[in-house]
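Input: a single structure, listed below in structure tokens.
The values are calculated or read from the model by the stated rules, or taken from the named source; none is laboratory data. Please read these numbers as outputs of a predicted model, since none were measured by experiment. Please note: Cβ atoms are built from the backbone with ideal geometry, for glycine as well, and neighbour counts cover all protein chains shown. Side chains included, ligands, DNA and RNA excluded: accessible areas come from the protein's heavy atoms. Shrake-Rupley method; radii C 1.70, N 1.55, O 1.52, S 1.80 Å.
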Amino acid sequence: MPETTLARSAWQRWLWLLLAYLSIGMAMLGVILPGLPTTEFVLLAAWAASRSSPRLAAWLENHRVFGPLLRDWKNGGLIARRTKWVASASMLLALTILLLTVDHLPSVLFAAAGMSCGALFIWTRPEKPKAG
């Protein structure tokens, strides 16, 4: 393999690894901060880890909190009903906080539109595998 290809591959691997770790950090913040998504960051972390670190990817898949979410997603894009309710409640709480603290209505409406799109996405995902 030419040296430039090897260097490019190593460089890309480190970028994917950085993205994976940043996404894990954001997902962990999302667990405690209302309005910050967790699911999307876990999925992004798993995707980036699969391109950079088999060890990190395995750790995520076996993680006590993140593992079930990833296994469900791999098993047909499933999102558990409890996860949907928690996400929806978090978005509603975040929107309430925005309404009470932000005077700039366009910002609140933009955030509400984004949260609505996120809620629509998660509520249209299946909860159980298709029979067949």
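Observations on the model:
For (1) more than 18 Å from Ser53 (Cβ to Cβ); (2) open to solvent by 50 Å² or more (accessible area, probe 1.4 Å); (3) in contact with a Gly (Cβ under 6 Å, 6 or more places away or on another chain); (4) at pLDDT 85 or above, each residue gets a yes or a no:
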| site | (1), (2), (3), (4) |
| --- | --- |
| Leu6 | no, yes, no, no |
| Gln12 | no, yes, no, yes |
| Leu15 | no, yes, no, yes |
| Leu18 | no, yes, no, yes |
| Gly30 | yes, no, no, no |
| Val42 | no, no, no, yes |
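- Residue match in the stretch 58-70 (condition: surrounded by 12 or more Cβ atoms within 10 Å (Cβ to Cβ) and of a type in the set (Lys, Arg)): no
- Test set (1) open to solvent by 100 Å² or more (accessible area, probe 1.4 Å); (2) within 18 Å of the chain's Cα centre (by Cα) - His104 fails condition number: (2)
- Residues satisfying the stated conditions in the stretch 76-92, i.e. open to solvent by less than 90 Å² (accessible area, probe 1.4 Å) and either part of a helix (DSSP H, G or I) or among the charged types (D, E, K, R) (or both): Thr83, Lys84, Val86, Ala87, Ser88, Ala89, Ser90, Met91
- Count - residues of the stretch 107-132 that are open to solvent by 60 Å² or more (accessible area, probe 1.4 Å) and not in a loop (DSSP other than H, G, I, E, B): 7
- Residues (within 30 Å of Ala112 (Cα to Cα) and touching a residue at least 24 places away in the same chain (Cβ under 8 Å)) located in the stretch 48-74: Ala48, Val65, Phe66, Leu69, Leu70, Trp73
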